[in-house]
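Let me begin by presenting the structure, written as structure tokens, before commenting on it.
FYI, it's all coordinate maths here, none of it is from the lab. For clarity, every value in this text was computed on a predicted model and none was experimentally measured. Glycine also receives a Cβ, built like all others from the backbone with ideal geometry; neighbour counts cover every protein chain displayed.
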Amino acid sequence: MKQGAVLSVGSVGSRAPYLELGRQLPEDLHWEHIPMGHLEKWQAPQNTVFDRVYLDLRAFTSLAEDAPRFEAWKASLNALLLRLVHGEGRVPLLVGYTDARDWPSGVNAVKLGVRDLVTLDEIRADLAARDPQTDSYTLGAVIPFPTRSPATSGSEIFGELSRSLPKTAIPFPIEGLEGNSVAIEVVRSTIRKAAPTASSVLIVGPTGSGKERVAQALHRYGDRSGQAFRVIDCAAISPELFESELFGHVAGSFTGAQSDRRGAFELAHEGTLFIDQIHLLPMEQQAKLLRALQEKKFSPVGSEALKNADVRIIASSQVPLEELVHAGRFREDLYFRLKVIDISLPALSERRTDIPVIAESLLRKLAKENRKPSLLLTPACLEKLLLYEWPGNIRELSNALERAATLAWSEQRGELLVADLPESIQFAVMKRFKTQALKDAVKRFEQEYIAQTVRRFGGSKEEAAEALGLSLATLYRKLGTN
């Protein structure tokens, strides 16, 4: 296994600094370069772990002016990073390089989602100082995004841009939010934009769709990532105890309060408080929460002392809160206080093209957790997953795959079979669909997958056909176009 390999991406020809860079790197370092237009075609060498990917920022000056091509190229770059994920789900460090740190380079860096901005001289000096025995580096240690101390790693220009510009760049991998559907790309893009801010976020989505994972990502990639992340589940707290759970209490304030207790607001000070299932919060408690958000102060139950509430609020709901507002069951002023930024999570049935990617990710995670060999998903088994409605969304998919994997491992098989899936899924599929409906469903999935690939290649059907292993005529036929 080759560890610590380096990949560079950029232009070709006389403008490409990677030619000179490659000649000056240590001989024992595995290094490769990919031209900008070849990301989809490039295949990573087997048994090679790429720790970092360097982007030539000068190559994107003209591309950034063509929004459709730029977005298609970013999707391709994101797909490349996902293919290079290694270890404990660790994505390679994305580093932008240029001749000198300046404002245009910083702008391109932020748009592309790089984690550090360096010069060619710094790359050469750092890689030359690499310890070949441990494959260790000093350059580009992962920085909280956006960087809170830009002077320590990268330029002040990059740090300033990271704080001031929206993160419309590469969607980072989030467990449970994998895939390339338009719906999930919108979610990831919103997360990237919202994470560096202190604004309240309202996440709406059906049960099992990954709302807490979104909240964790908003915290992890924001300025408060080094502070506490606390969760309050409104479904698990009785109304009479909610105020104590949120604000704490002093000894003797009510029956059973034998000692002082800190609440979630105090425990999450300078961090993030995630209020799950806020649609279940009683009206009386809504008023108390709103007051704390407006005044940024609170008092523990049984005390008149005011404490500061420097907390970022992220809330989730299984039903649209505006419906509860119209029904008089949720305060309108609290609704608008929470919905500074809103994220709508789609049901899994609304993004079926993402199911193969999500299933493979879940199977890899199961194999690692159970220290078992990886399992293949047979076409027949995948077909069932694509046809099922998934009322429990990703959580139900995860449970179904865990059951199937357990049965496969018990019989020492290397693949999942339809018989390994829960009977409810098998029965629902067989009852709900006939042979013709099954063909239609597979055809719709195939068309969407091909259309996504065409978008990744900036609309080029020729390149998409080559990547998919299809003739151009077959691609047109499957898309239903002339």
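At an R0 of 35 angstrom, the distance between the Cβ atoms of D333 and E448 translates into a FRET efficiency of 0.25.
Applying 0.36 nm per residue to the separation of A183 and H30 and subtracting their alpha-carbon distance, the gain on full extension is 51.4 nm.
Charging the Cβ of each Asp and Glu at -1 and of each Lys and Arg at +1, and nothing else, the dipole of the stretch 182-344 about its Cα centre rounds to 460 debye.
The mean sequence distance of close C-alpha pairs (under 8 Å, at least 6 residues apart), as a share of the length of the stretch 348-432, puts its relative contact order at 33 percent.
At full extension, H38 and N308 could sit 91.9 nm farther apart than now, given 0.36 nm per residue minus the alpha carbon distance. Note on D121 and A251: the model spin-label points, each 7 Å out from Cα along the C-beta direction, lie 6.4 nm apart. How big is the gap, in Å, between the Cα center of the stretch 221-236 and the Cα center of the stretch 337-368? Measuring centre to centre over Cα atoms gives 20 Å. Placing R0 at 41 angstrom, the Cβ-Cβ distance between S259 and K296 gives a FRET efficiency of 0.95 after rounding to 0.05. Take every DSSP beta bridge whose two residues both sit in the stretch 182-344; close to 15 percent of them are antiparallel. Label point of E350 set 7 angstrom out along Cα-Cβ; within the stretch 369-400, amide nitrogens under 18 Å from it belong to 388-397.
Using r as the Cβ-Cβ distance of N47 and S410, and R0 as 35 Å, what FRET efficiency do you calculate, to the nearest 0.05? According to the calculation, E is roughly 0.70. Placing +1 on each Lys and Arg Cβ and -1 on each Asp and Glu Cβ, with no other charges, gives the stretch 212-262 a dipole about its Cα centre of roughly 260 debye. All other residues with a Cβ under 14 Å from the Cβ of L321 taken together, and with Lys, Arg as +1 and Asp, Glu as -1, what is their net charge? Surrounding charge for L321 is -1.
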